[in-house]
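Let me begin by presenting the structure, written as structure tokens, before commenting on it.
Every number in this text was worked out from the coordinates using simple rules, so none of it is lab data. Being a predicted model, the structure only gives us computed values, none of them experimental. Glycine gets a Cβ as well: all are built from the backbone with ideal geometry, and neighbour counts include every protein chain shown.
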Amino acid sequence: MILFRGNCQMQFCAEAAAAAGLDVSFASLASPLTLTASPAAVPRLVADLIAGARVEEYLHTRELIDQFTPPPATPRPEALVVNLFHENRPLLLHKIEKYCFYLDPAALERKPGLKRAMERHFDAIVPNPAGYLNRFAAMLLLFRERLPGVPILVIGRMGHYPGLGPAPHSYLDGWDALWDGPARQFAAWADGLPGVTFLDADRVMGGVFARSDLPVEAHFPFLRIADEPNPDHPAMARDLEHAGSLWPALVAAIVRSLAAGRADYLPHETVPEAWRGTWSPERLDNNALLEHLVSGSNYRAARAVGNFLARPEEDFTDLLVEAAPHMPVCHNLLHMVRAYGARRPVPALAGWCDVHAKRAAAFTANGEAYRAEYLEKIGALRRLALPDDGV
């Protein structure tokens, strides 16, 4: 079995590997700190508090066993694949024993008794982004020690090339300052550890671009829109975490590399020169936009809404309302629709909210906390469109 560990990128990769017929398992990680400062088991205090308050859902799949303990060495896995995952923040640090873990702060706001108990025993901390690679290195050495002889593959993150504009965005705080210097040094160091291989996600994704004539928007359709733009938060930035076309290619590279005992890239897997240039937004006509919106795909719908956001002088609300019955429930897509609505809060947008709220209310796959938060955001958008409506 191949063990995948990290964030949603490794989950998507594990799913692609399973679809290709590989035997895999996946577990989410919250921060290297939860493992390197661990008391080697899930602390009884943490387990009892979370179970007693029934807030397991607010771990958001970062199960306590995976936060506190590395993968078991037996039965012996075929390989461990871990990516440079982003850290969840804040972490809860035990005031005396100094171990830490992640729990969504929303759990504490919904459970006042749990909040009081947590505040007695824990402090909220935010790890310094500048020390991320050192924390990851310590975790990697821990994995190497606990899994002797098991091949370990470290998957890199996408670099912030200007051609992947409008402004490349990573969920790992501080990555913009790390990717083109310290991260390359880290990659060389990791690749030199016994039985460890570093795979460059930029090169693998470059190979995907080489085999496709699709624009950046088709591969990375999701955009992050800042509520209050400032020098540290561009008004509009491209989400490089969600790239559906990357996962099958990355699985193929993993399989080749495991067989070769080293990173094994195909000849066309290089960073495209166009990524070093300037991004130019695509412009789709209304027919193409509607086709994407009604496709049922969150990627295609996001590509259409991205066109809306890049063309603020045009009104696309009628297309949104027409497509509402077909648009999927997706937080990243909703974020973009809300950003569009904030720029153009017209009453017709309330019609989209009403239809989409019904779809969201019936969506239970990600749990009740996800659904409640999602419906709250739709309600806020509806109030923006119809501020005087009593609904």
Legend entry - Built amide H within the under 5 Å cut-off of V81, gap 5+: L3, F4, R5, L153
Legend entry - Top positive-direction residue, dipole computed over the chain with Cβ charges, set A18, L386, P90: P90
Legend entry - Under 5 Å, built H, 5+ apart or other chain: amide partners of Y99: H94
Inset, instruction - Would you kindly derive the ³J(HN,Hα) couplings of the stretch 112-119 from the backbone phi angles with the Karplus curve 6.51 cos²θ - 1.76 cosθ + 1.60 (θ = phi - 60°), listing them in order in whole Hz, with x for Gly and Pro? - result: x, x, 5, 4, 5, 5, 5, 5
Legend entry - Structure-derived Cα extents along the principal axes in Å - corresponding label in (1) 67, 47, 34; (2) 60, 58, 42; (3) 67, 60, 37: (2)
Inset, instruction - Taking a cut-off of 28 Å between Cα atoms, list the lysines near K98, but don't count ones fewer than 8 places away on the same chain. - result: K111, K115
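Using 0.36 nm times the number of residues separating E78 and R44, minus their current alpha carbon distance, what extension gain do you get?
Gain on extension, E78 to R44, equals 9.1 nm.
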Legend entry - the chain: relative contact order as a whole-number percent, Cα under 8 Å and 6+ apart: 13 percent
Inset, instruction - May I ask which residue of A249, A53, L178 lies farthest towards the positive end of the charge dipole of the stretch 2-274, with charges of +1 (Lys, Arg) and -1 (Asp, Glu) on Cβ and the Cα centre as origin? - result: A53
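Scan the stretch 1-84 for trypsin sites (Lys or Arg not before Pro) in coil per DSSP, keeping those whose Cβ has at most 13 other Cβ atoms within 10 Å, and list them by number.
Those satisfying the criteria are R54.
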Inset, instruction - Treating cross-link reach as a plain straight distance, find the aspartates and glutamates whose alpha-carbon is under 15 Å from the alpha-carbon of K95, omitting any fewer than eight places away in the same chain. - result: E119, D123
